[in-house]
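Some notes on the structure that comes next.
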Amino acid sequence: MPNRDNATVLDLVLERLAAHTEYPQVELVVVDDGSSDGSREILQRWRTAKRFTGEFHVVEHSHTAGGVVDALNAGLAVARGELVVQLDADASIETPGWLPRMVSLFTSDDRIGVVTARVVMDTGELQACGIEVVGPEGYHDRGAEITEPASRRTSHHAVRRFRETEWPACDELAEVDGAMGACMMYRREAALAVGGYDRGFAPVWLDDLDLSIAMRRAGFKVFYLPDVRVVHHLGKRARPDDVQPPPSRAQKAAVEVRHRAASALPRPIHGRLVHMLGWDRGPRPYRRQVAGHYRHWREKWGWDILNPDLVAIQRRWGPTEICWKSNPEMRRAGEEILAAFNSAAGGDCARSGPGRAPAR
């Protein structure tokens with residue numbers, strides 16, 4: 001768990017984690033990236049109180065330009081468990097017994113390399129049910145709908161978001177392209193073998209997706225587990241990442257306005273309205289940083305993350321799990337994994353194919 005200046009929400013996150021974590025052998029490694037808001041005192045208090053099941057380690061770093069990415073690599077270096085779960089210090093685990101659930105899916109088949117959870121924003125909107133990245137619409141959170149024309153996109157934030165009840169596929173177990181790091185399980189040795197978290201995405205953003213795609217390149221699969229629910233407390237952050245401020249009360253109110261507009265207007269008109277009002281764009285420093293990440297992705301993986309050339313991707317990555325959707329054998333293998341796990345779980349988890357559309 002990387003942390004920097006999350007004192008306003010850190011106690012809540014640790015309370016939920018302590019209450020809902022049940023596992024015989026577990027350690028929590030929190031890497032503090034130069035907090036100055038009292039976070040370190042909160043972490044030391046928790047370590048001293050020994051309220052967390054298992055071991056509680058605090059690694060104190062001076063803040064560097066590497067930010068979250070350096071903190072994640074530092075945590076990965078000192079973690080001793082066979083399996084690692086990346087968590088966010090502003091995202092609370094809301095599911096009792098979440099860890100055995102994730103371990104159960106992860107260890108059900110050796111071909112599984114990453115398991116990701118359901119992430120909901122504190123506005124009530126779905127943030128991600130896994131990530132879509134290799135497809136005609138390009139990179140976007142699974143559970144959101146792009147509002148810019150495919151092949152002419154400019155921002156992964158230009159999306160329409162839904163509440164959980166508006167997107168039934170969020171309740172279904174599924175194979176997905178990539179994972180969100182608010183709650184993402186992987187095997188430690190496999191992560192180290194692919195190079196850990198790429199500093200090209202420092203200080204933050206896309207590092208989690210990049211790691212999960214690197215796992216696919218190495219031959220592993222990525223799955224979304226709806227049974228584990230995480231709430232991302234974006235509205236409680238004091239300083240989330242140096243460039244993007246937390247949502248204000250007015251911005252939270254705008255979420256409700258957007259939902260009403262989305263219900264009342266046809267999709268093309270709603271998309272143009274969102275873009276015209278700037279609802280799909282962040283602050284200028286944020287846009288500059290993300291644009292740099294888009295460039296790094298293109299240099300590293302060979303395609304535009306927002307407007308992918310699927311023929312070129314197939315030519316370069318076709319034999320790998322990156323192109324699982326277009327490979328019948330790989331898709332069938334994923335379906336077999338899901339079916340076997342679903343059967344072992346007593347049919348509690350439904351299956352969902354790639355690209356399942358939200359309910360209208």
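The values are calculated or read from the model by the stated rules, or taken from the named source; none is laboratory data. Everything numeric here is computed off the predicted structure, so don't read it as measured data. Glycine also receives a Cβ, built like all others from the backbone with ideal geometry; neighbour counts cover every protein chain displayed. Remember, those area values only see protein heavy atoms, side chains included, never the ligands or the DNA or RNA. Shrake-Rupley method; radii C 1.70, N 1.55, O 1.52, S 1.80 Å.
What to note about this one:
- From the options Gly54, Gly97, residue that is within 25 Å of Ser212 (Cα to Cα) and among the small types (Gly, Ala, Ser): Gly97
- Qualifying residue in segment 136-151 (condition: open to solvent by 40 Å² or more (accessible area, probe 1.4 Å) and more than 23 Å from Arg288 (Cα to Cα)): yes
- Subset of segment 95-127 that is touching a Gly at 6+ places or on another chain (Cβ under 6 Å) and part of a strand (DSSP E or B) - its residue that is farthest from His157 (Cα to Cα): Thr116
- Qualifying residue in segment 27-40 (condition: modelled with pLDDT of 95 or more, part of a helix (DSSP H, G or I), buried (at least 21 other Cβ atoms within 10 Å of the Cβ) and of a type outside the set (Val, Ile, Thr)): yes
Here's the yes/no breakdown for (1) in contact with a Gly (Cβ under 7 Å, 6 or more places away or on another chain); (2) open to solvent by 40 Å² or more (accessible area, probe 1.4 Å); (3) free of Cβ contacts under 8 Å to residues at least 12 places away in the same chain:
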site	(1), (2), (3)
His157	yes, yes, no
Pro168	no, yes, no
Ala179	yes, no, no
Ala190	yes, no, no
Ala193	no, yes, no
Gly196	no, no, no
Leu209	yes, no, no
Pro226	no, no, no
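- For segment 109-118, the criterion of being buried (at least 18 other Cβ atoms within 10 Å of the Cβ) and farther than 22 Å from Leu206 by Cα is satisfied by no residue at all.
- Taking strands (runs of 3 or more DSSP E) as the structural unit, those lying wholly within segment 131-228 and holding at least 1 residues that are within 14 Å of the chain's Cα centre (by Cα), of a type outside the set (D, E, K, R) and more than 30 Å from Gly346 (Cβ to Cβ) correspond to 144-146.
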